[in-house]
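Peer 1: Handing you this structure, nothing more for now.
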C-alpha cells in the first residue's frame, strides 16, 4: 500500500492506495494520519476510494485517528468508502464515529 497526499485549498486529502490488510499498512496509515493532524490542525480528508478493504488493524488505525480528532470536537472525514468498507464500519458499529461523504469535493466542502 502507498499513501498519496493532495492539497485542496486549506484541506489535505490523504488517499491510501490498496487494502489495509496487515499491521505494517495500518501503522503507516496511523503514522501519516497523526503527522497530518499536527500539520493541518485536523483539516484533512481520508479518501477511501482506492482502499477496498481494511482488516482489524486498519479499522483500529481509523478509529484511533477519529478518537484523536474527537478530543478536539471533530471526527475523521472519510469519503469514497466502498460497499465493503461501509459494511465493515456498520457491522462493527463504528460508522457513527466518522463524518462520511460520497466524494472528495463534498468532504472538502464540509470544512467551509
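The values are calculated or read from the model by the stated rules, or taken from the named source; none is laboratory data. Note that this is a predicted model, so its numbers are computed, not measured. Note: ideal-geometry Cβ built from the backbone for every residue, glycine included; neighbour counts use all protein chains shown.
Peer 1: Among the residues of the stretch 12-24, are any surrounded by fewer than 17 Cβ atoms within 10 Å (Cβ to Cβ), modelled with pLDDT of 95 or more and in a helix (DSSP H, G or I)?
Peer 2: Yes, the stretch 12-24 contains at least one residue that is surrounded by fewer than 17 Cβ atoms within 10 Å (Cβ to Cβ), modelled with pLDDT of 95 or more and in a helix (DSSP H, G or I).
Peer 1: Looking at (1) free of Cβ contacts under 8 Å to residues at least 24 places away in the same chain; (2) more than 22 Å from residue 22 (Cβ to Cβ), find the lone condition where residue 35 falls short.
Peer 2: (2)
Peer 1: Among the residues in the stretch 38-51, are any within 12 Å of the chain's Cα centre (by Cα), in a helix (DSSP H, G or I) and crowded, with 17+ Cβ neighbours inside 10 Å? Write out each step before concluding.
Peer 2: Looking only at the stretch 38-51, we keep the residues that are within 12 Å of the chain's Cα centre (by Cα), and these are 42-51.
Retained after the next criterion (residues that are in a helix (DSSP H, G or I)): none.
No, the stretch 38-51 contains no residue that is within 12 Å of the chain's Cα centre (by Cα), in a helix (DSSP H, G or I) and crowded, with 17+ Cβ neighbours inside 10 Å.
Peer 1: Restricting the search to the stretch 85-98, which residues are surrounded by fewer than 16 Cβ atoms within 10 Å (Cβ to Cβ) and touching a strand residue (DSSP E or B) at 6+ places or on another chain (Cβ under 9 Å)?
Peer 2: Taking the stretch 85-98 first, the residues surrounded by fewer than 16 Cβ atoms within 10 Å (Cβ to Cβ) are 86-87, 90-94, 96.
Matches in the stretch 85-98: 86 only.
Peer 1: In this structure, is residue 78 within 21 Å of residue 28 (Cα to Cα), at pLDDT below 95 and surrounded by 15 or more Cβ atoms within 10 Å (Cβ to Cβ)? Full working, then the answer.
Peer 2: Working: within 21 Å of residue 28 (Cα to Cα): yes; at pLDDT below 95: no; surrounded by 15 or more Cβ atoms within 10 Å (Cβ to Cβ): yes.
Answer is no for this residue.
Peer 1: Here's a check for you: in the stretch 58-75, which residue that is under 11 Å from the mean Cα position of the chain (by Cα), within 9 Å of residue 97 (Cβ to Cβ) and modelled with pLDDT of 90 or more is surrounded by the fewest Cβ atoms within 10 Å (Cβ to Cβ)?
Peer 2: 63
Peer 1: Give the residue, chosen from 84, 92, that is closer than 17 Å to residue 19 by Cβ and modelled with pLDDT of 95 or more.
Peer 2: On the way: 84 fails: modelled with pLDDT of 95 or more.
Unique residue meeting the criteria: 92.
Peer 1: Looking at this structure, is residue 103 surrounded by fewer than 17 Cβ atoms within 10 Å (Cβ to Cβ) and modelled with pLDDT under 95? Step through it out loud before you land on a result.
Peer 2: Values: surrounded by fewer than 17 Cβ atoms within 10 Å (Cβ to Cβ): yes; modelled with pLDDT under 95: no.
No.
Peer 1: For residue 29, work out the one condition from (1) within 13 Å of the chain's Cα centre (by Cα); (2) closer than 23 Å to residue 96 by Cα; (3) surrounded by fewer than 17 Cβ atoms within 10 Å (Cβ to Cβ) it doesn't fulfil.
Peer 2: The one condition residue 29 does not meet is (3).
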